[in-house]
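The next block holds one structure in the form of structure tokens; read it before the comments.
What follows is calculated from the coordinates using simple rules that are stated; it is not laboratory data. Just so it is clear, the model here is predicted, and its values are computed rather than measured. Every residue, glycine among them, receives a Cβ derived from its backbone with ideal geometry; neighbour counts consider all protein chains shown.
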Amino acid sequence: MTEVAELLTPNTEDIQDKDDAEESKKRKPGRPKNDVWNFFIEIGTRVQGHCGAKCKECGWEKKANAKREELETHIGFRCIKANYQLKEKYMNIIRNRGNLGHSIDDNERPLKKIKSNHNNQQRIDEHYDSLNIMNSKVQMANQALIKLFVCCGIPFHLVQHPFFVDFVKILCPAYLLPSRQQLSADMLNSEISHIQLKINAILENETCLTLGIYI
């Protein structure tokens, strides 16, 4: 009887192995999620590894194909219920995303000494255009570019206009212009984050702030 009972009793080890195999099949393939997903709930059907997202803080939704950059931008700029520390964290992430050199404080940027050349002697490298450009110069050009388009109200798509591309290439052949998407998303958000963080730093150092109307 004991042998029959042993045969009829299910093997718990086999059941556990089957459960582990089924659980491994359910796991979603691909890279691990970014930390920003801790503040969002997956919604909608997953298509090619992407799905929609709903903010746990304010309820904002991206119906489909929610990307990390979009979620970071929402937390840093648009979420009205996220606390200041969280918004500041993601504004710093956004600021460093546009290759504008804002990770270095403007006041700490070393100033280059300009040497005067009294004899007006030309250097040999002035007779040809270099095909290499330092990243610091690229960042300065990116800052000037985004300020030009925003402050002058120039449509972002003109950054890829052939005449504008030719104009920039004549001035500096080594500089690669960003795409319209990079200019209107990463670089614009980086500049906005930089300005917002500077304003926050100024306000934190103030002691007497009054909001009102002078009569």
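Descriptive notes on the structure:
- The label point for L171 and the one for A64, both projected 7 Å from the Cα toward the Cβ, are 4.1 nm apart.
- Label-point separation in nm, F163 to K147, each point 7 Å along Cα→Cβ: 2.6
- Pair-distance distribution P(r) for segment 34-83, from all Cα-Cα distances in 5 Å bins starting at 0: 5, 24, 36, 23, 8, 3, 0 percent.
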